[in-house]
Amino acid sequence: MDLGACPKSHTDRLKTEFVAAREKDPNDPRFDQFQREYENNIFSFVDECDRRIKAAHRRLEKTPEENAKTTNLMREIGEIELAIQGGTEKMEQLGEQGMVEESMKELSAVEALKTEKADKERELQNLTETSGASGHQKLRAIGRPLWWQNASWVSRAASDASSL
């Protein structure tokens with residue numbers, strides 16, 4: 001996440017003065033304020049990253065219908081593969097027995113099964129590519145805003161404010 005240049009001053013001289021002043025008087029309340037400001041900045045960066053990650057996860061999710069369709073297609077492809085294997089074995093047996101005409105009919109059936117399998121595999125590939133929100137938008141009602149879900153900072157901020 002590129003935020004650009006920081007608008008605050010970060011010179012070595014200021015850092016040295018800060019460290020020296022903190023060592024001189026570690027109980028100065030200004031240092032607690034600096035720490036809280038630092039933590040709030042870090043938490044805002046983390047919250048923004050979490051928000052983007054959750055949005056990406058939602059885009060990748062599949063609906064139960066999509067999962068069921070994927071499972072059914074995979075099962076059908078497996079069944080077709082078994083039928084192809086069985087047809088190939090039967091075709092070879094018929095050929096060995098000299099039943100060339102029946103073997104050719106079985107070859108036609110196996111070729112049809114291979115075409116059907118290729119179609120199902122294409123359909124599965126299309127489903128995989130277009131499922132989730134990458135293929136269509138999913139809208140989901142969320143009870144609370146995303147930033148509120150990771151709101152441990154709220155209680156800290158409230159306790160910090162009450163101590164001022």
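Largest to smallest in accessible area, the residues 45, 31 fall in the order 45, 31 (1.4 Å probe, all protein chains included). Partners of residue 15 within straight-line reach, counting aspartates and glutamates whose Cα lies under 19 Å from its Cα and excluding those fewer than 8 residues away in the same chain: 23, 25, 28, 32, 37, 39. Normalised radius of gyration (Cα atoms, divided by 2.2 N^0.38 Å) for region 1-94: 2.51. Residue 120: which lysines have alpha carbons under 18 Å from its alpha carbon, excluding same-chain residues fewer than 8 sequence positions away? Residue 120 reaches 69. If R0 is 41 Å, the Cβ-Cβ spacing of residue 38 and residue 65 corresponds to a FRET efficiency of close to 0.30. Among the GluC sites (Glu not before Pro) within region 7-88, which fall in a DSSP loop and have no more than 15 other Cβ atoms within 10 Å of their own Cβ? Filter output for region 7-88: 61.
Using a probe radius of 1.4 angstrom, the carbon and sulfur fraction of the accessible surface of region 1-125 is 54%.
The values are calculated or read from the model by the stated rules, or taken from the named source; none is laboratory data. Note that the structure is predicted; figures quoted are calculated from it, not measured. Ideal geometry is used to build each Cβ from the backbone, glycine not excepted, and the neighbour counts take in all protein chains shown. Heavy atoms of the whole protein, side chains included, go into the accessibility calculation; ligands, DNA and RNA do not. Shrake-Rupley method; radii C 1.70, N 1.55, O 1.52, S 1.80 Å.
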